[in-house]
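The values are calculated or read from the model by the stated rules, or taken from the named source; none is laboratory data. From a predicted model like this one, the values you see are computed outputs, not experimental measurements. Using ideal geometry, Cβ is built from the backbone for each residue, glycine included, and neighbour counts are taken over all protein chains shown.
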Amino acid sequence: GAVVSQHPSRVICKSGTSVKIECRSLDFQATTMFWYRQFPKQSLMLMATSNEGSKATYEQGVEKDKFLINHASLTLSTLTVTSAHPEDSSFYICSARGGGWGSYNEQFFGPGTRLTVL
Amino acid sequence: LAKTTQPISMDSYEGQEVNITCSHNNIATNDYITWYQQFPSQGPRFIIQGYKTKVTNEVASLFIPADRKSSTLSLPRVSLSDTAVYYCLVGDEKEGGKLIFGQGTELSVKP
């Protein structure tokens, strides 16, 4: 299947700093990318949907000013956690979906980024 | 809210066939059913997708009855490495491919 990468895989930062996470589709053009957050022993929670060249659509309860999403190209989306606090510590996962595929909802997930805020 | 319901956990032994059933009573006409596997601290991995009847690939089979209100993922002869969380999702193009994850089924394979 298609490959999606995330960078960094792990990041530790101090409270109050901002952290940027990159999501790249390596061998296909992703018209849509999704960002998820996963706490220990819980399921993935969809945070936002990002379409190339347009503003992201955030799920209810997700602060768009805190979680800035940019999808400037067909292969790259970034998530910036602004003024991170310990409660933002989580596993962040992106997924990418191309256009014109035969099956609906065929998404490919990145390996995830573990964020720890001290 | 997730559109699916699955058992929270299942236990099995190596070499057995495992069947995980998912309920999606409110599935819409355009919805596809997709199953993912997730290991700890990794992103989900696509297993199989179907719309109706039976789909089979090199790792699993997916059985979907005519009313499509449920589906069953079948893993033949599981091994210890199949210990993971399995998610069943439904979705369609009208929502832009958005997938809402339910709680998933934690499968534990024992020797």
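Per-structure values
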| quantity | calculated |
| --- | --- |
| In segment A:20-34, the residues that are part of a strand (DSSP E or B) and surrounded by fewer than 19 Cβ atoms within 10 Å (Cβ to Cβ) | A:LYS20, A:GLU22 |
| Residue match in segment B:11-19 (condition: hydroxyl-bearing (Ser, Thr, Tyr), closer than 27 Å to A:VAL3 by Cβ and assigned to a strand (DSSP E or B)) | no |
| Identity of the residue in segment B:1-59, among the aromatic types (Phe, Trp, Tyr) and buried (at least 16 other Cβ atoms within 10 Å of the Cβ), that ends up nearest to B:THR83 (Cα to Cα) | B:TYR36 |
| Residues (surrounded by fewer than 18 Cβ atoms within 10 Å (Cβ to Cβ) and within 14 Å of chain B (Cβ to nearest Cβ)) located in segment A:47-57 | A:ASN51, A:GLU52, A:SER54, A:LYS55, A:THR57 |
| Condition broken by A:SER73, with the remaining ones in (1) surrounded by 13 or more Cβ atoms within 10 Å (Cβ to Cβ); (2) of a type in the set (Gly, Ala, Ser); (3) under 14 Å from the mean Cα position of the chain (by Cα) satisfied | (3) |
| Hits in segment B:93-103 (condition: crowded, with 16+ Cβ neighbours inside 10 Å and either at pLDDT 95 or above or over 16 Å from the mean Cα position of the chain (by Cα) (or both)) | B:GLY97, B:LYS98 |
| Filter pass, A:LEU68 being assigned to a strand (DSSP E or B) and more than 12 Å from chain B (Cβ to nearest Cβ) | yes |
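So that you can scan it fast, the table gives a plain yes or no per residue for (1) in contact with a strand residue (DSSP E or B) (Cβ under 9 Å, 6 or more places away or on another chain); (2) closer than 10 Å to B:VAL90 by Cα:
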residue: B:THR34; (1), (2): yes, yes
residue: B:GLN37; (1), (2): yes, no
residue: B:PRO40; (1), (2): yes, no
residue: B:PRO44; (1), (2): yes, no
residue: B:ILE48; (1), (2): yes, no
residue: B:THR53; (1), (2): yes, no
residue: B:GLU58; (1), (2): no, no
residue: B:PHE63; (1), (2): yes, no
residue: B:SER74; (1), (2): yes, no
